[in-house]
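What follows is a single structure, written as structure tokens, with notes after it.
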Amino acid sequence: MKYLSLAFLSLCMAVLTSSCGSEDLNPVSVFDGEVTKLNEFDAWLKKNYTDIYNISFNYRYSDKQTDQTYNVIPAKYEQSVALAKLVRHVWLDAYAEAMGADFMKTYTPREIQLIGSYEFNSNGSQVMGTAEGGLKIMLYGVNELDIDNPRINSDNPYASKYERPMDMNYWFFHTMHHEFCHILTQKKNYSTDYQTISAGKYHSADWINVADKDAAKEGFVTGYGSGEYNEDFAEMYSTYVTMTPAGWQMIIDQAGGEKSEGGIALNQKLTMIKEYFQNSWGVDLDHMRDIVLRRSAEAPSLDLRTLD
């Protein structure tokens, strides 16, 4: 039986070899992916992001760029164009104006990835942006952008976050300043004395239940900032540079005033943050804020549908 089986197998192989040999193989592999055709927007991104700042701005969806534990959707083309122009004018060019294009080319993340929707966590919070090892910034909720009504709230830190049109400061720029602050402090750390200002008061497990107005009374600029000292530092920075002096004063007033426990803690933290940016990066934080606010005020007049 063993020899018979071998003979039968040999016969089958001969038939298969004969059949395959009579057909021409397709030279195109079924595993080759379709080559993405570059468009006008891709050329604009190369000119305005890659060539100037050495940044790859990715608006097309890629599984490799997302966390597979979340269900998210791609960013829309029109919203991607609008956000790319806004990010360049309000964020990138603001830092370049204050610190120089070479600074941004050196320290800015190498990638910006857009995602159409948000990532939602089991505790009810949602991810608006992340910075991965200083190399990539992820921006979520891009499809919520109202292209013809870009609103940037710089005056009221306690305004509704869900008012329409969406607040670009809250949903995008505050997040980008926050994440960029993390990148900079990873390069040059700030004084550990900062940790002592609110020692024992951080809400590591329940920060999501801390309202921003309540956080101010404890010496935190936002509820999220009350989670731990690194987030506290980044929230303080990103809030200060995106809020007008009147908006910042609202936070101090909410804390109970300059001489209240919360107000004293906030001002101590702000002083240390200003010293850090001046001594580590040569940046006057008030000058930086003036630039950001001016560019934010110019945003509604930008043409966000045309690639210049």
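Structure summary
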quantity	calculated
Residue, modelled with the lowest pLDDT, within the stretch 116-146, restricted to residues that are part of a loop (DSSP other than H, G, I, E, B) and surrounded by fewer than 16 Cβ atoms within 10 Å (Cβ to Cβ)	Gly124
Unmet requirement for Lys161, which otherwise passes all of (1) assigned to a helix (DSSP H, G or I); (2) open to solvent by less than 60 Å² (accessible area, probe 1.4 Å)	(1)
Residue within the stretch 107-115 that is out of contact with any Ser or Thr (no Cβ under 8 Å at 6 or more places or on another chain), open to solvent by less than 20 Å² (accessible area, probe 1.4 Å), modelled with pLDDT of 90 or more and outside any loop (DSSP other than H, G, I, E, B) present	no
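The values are calculated or read from the model by the stated rules, or taken from the named source; none is laboratory data. The structure presented is a predicted model; accordingly, all values stated were derived computationally and were not measured. Quick reminder, even Gly has a Cβ in these numbers, built from the backbone with ideal geometry, and neighbours come from all protein chains shown. Ligands, DNA and RNA are excluded from the accessible area calculation, which covers all protein heavy atoms including side chains. Shrake-Rupley method; radii C 1.70, N 1.55, O 1.52, S 1.80 Å.
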